[in-house]
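Asks: One structure, as structure tokens, below. Some questions next.
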Amino acid sequence: MIEAIARRMSTEREALNRLDAALGDGDHGTNVAAGFSAAAADIGGLENPSASDLWLAMAKAVMNRMGGASGAIFGTFFLKGVAVLRGKDRLNKRDMEAVLEAGLQGVKARGKAEVGDKTMVDALAPAVTAFSRAGGFTEGWSSAAEAARKGAACTQDLIARHGRAKYLGERAIGHIDPGACTIAFLFEATDAWWREAQPIHKR
């Protein structure tokens, strides 16, 4: 799953940079791609990792390689799920719901952001809700991806209240938040990976 996310972020690097150029430094895609690529590489080097080991490696890699505010926020998303995963060898859907909810609450607390503030929360919050309301993993990832896409698209009509974009005021209207778009790509990649790997999950 993490490798699939890393590949998607690499593919979307320039698209995310273009979104960020309208609101920030123009390097969000480069940083995101580097962070997830490092995470995939680090995880590939672990021996018999537990679920919490994987999530912790994700958090550390994203924080260290992405850097800045984005690294701290995305890293927090994964870090908050570590405690939920600790001691678990296999995950059911309720476990993953708890992981995603812990990540969402961590992001909201760390960034002091809510839905409507033109941040990644605008895509993450509806995605987590959609996943929790779905009947199973397959429906959950699909619903989460759709909700994240819609949430990211809605940021185009919002005025930013956090980060560098907040200084643009109404000039930020018309531009999609790159962090929210990154969340949409994350859930889309996970959904695609899950569908491809379903025969494995059913064994």
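Asks: Rounded to a whole number, what % of the accessible area of the chain do carbon and sulfur atoms account for, probe 1.4 Å? Don't jump to the answer; show the numbers that get you there.
Replies: On the way: 4840 of 9920 Å².
Ligands and nucleic acids excluded, carbon and sulfur give 49 percent.
Asks: Taking a 27 Å limit on the Cα-Cα distance, which of the listed pairs LYS60/LYS150; LYS60/LYS112; LYS112/LYS150 fall beyond it?
Replies: Over 27 Å Cα-Cα: LYS60/LYS150.
Asks: Determine which aspartates and glutamates satisfy two conditions relative to LYS80: a Cα distance under 12 Å, and not lying fewer than 8 residues away in the same chain.
Replies: Counting by Cα, and skipping residues close in sequence, LYS80 has these aspartates and glutamates nearby: GLU101.
Asks: Keeping all protein chains in position, work out how much accessible area GLU146 exposes to a 1.4 Å probe, and write it in Å² to the nearest 10.
Replies: 80 Å²
Asks: Sorted by accessible area (1.4 Å probe), largest first, how do LEU158, LEU46 line up?
Replies: The most accessible residue leads, giving LEU46, LEU158.
Asks: By accessible area of protein heavy atoms, probe 1.4 Å, what ranking do LEU54, LEU85 get, highest first?
Replies: Details: LEU54 50, LEU85 5 Å².
Putting LEU54, LEU85 in descending order of accessible area: LEU54, LEU85.
Asks: Which aspartates and glutamates, on any chain, are close to LYS118 with Cα under 16 Å apart, when same-chain ones fewer than 8 places away are left out?
Replies: Those aspartates and glutamates meeting the cut-off are ASP20, ASP157, GLU170, ASP177.
Asks: Ignoring everything but the protein chains, give the 1.4 Å probe accessible area of SER70 in square angstrom, nearest 10.
Replies: 40 Å²
Asks: Sequence-distant or interchain residues sharing an amide H contact under 5 Å with GLY116, placed H: which?
Replies: Excluding prolines and chain starts, which carry no amide H, the hits are ASP122.
Asks: Using the heavy atoms of the protein chains and a 1.4 angstrom probe, tell me the accessible area per residue for the stretch 2-197 in square angstrom. Each step should come with its number before you reach the end.
Replies: Values: 9190 Å² over 196 residues.
About 47 Å² of surface per residue is accessible.
Asks: For the chain, place one equal point scatterer on every Cα, skip the solvent, and apply the Debye formula. What is log10 of I(q)/I(0) at q = 0.08, 0.11, 0.17 Å⁻¹?
Replies: -0.24, -0.46, -1.15
The values are calculated or read from the model by the stated rules, or taken from the named source; none is laboratory data. Given the structure is predicted, the values throughout are model-derived calculations rather than measurements. Heavy atoms of the whole protein, side chains included, go into the accessibility calculation; ligands, DNA and RNA do not. Shrake-Rupley method; radii C 1.70, N 1.55, O 1.52, S 1.80 Å.
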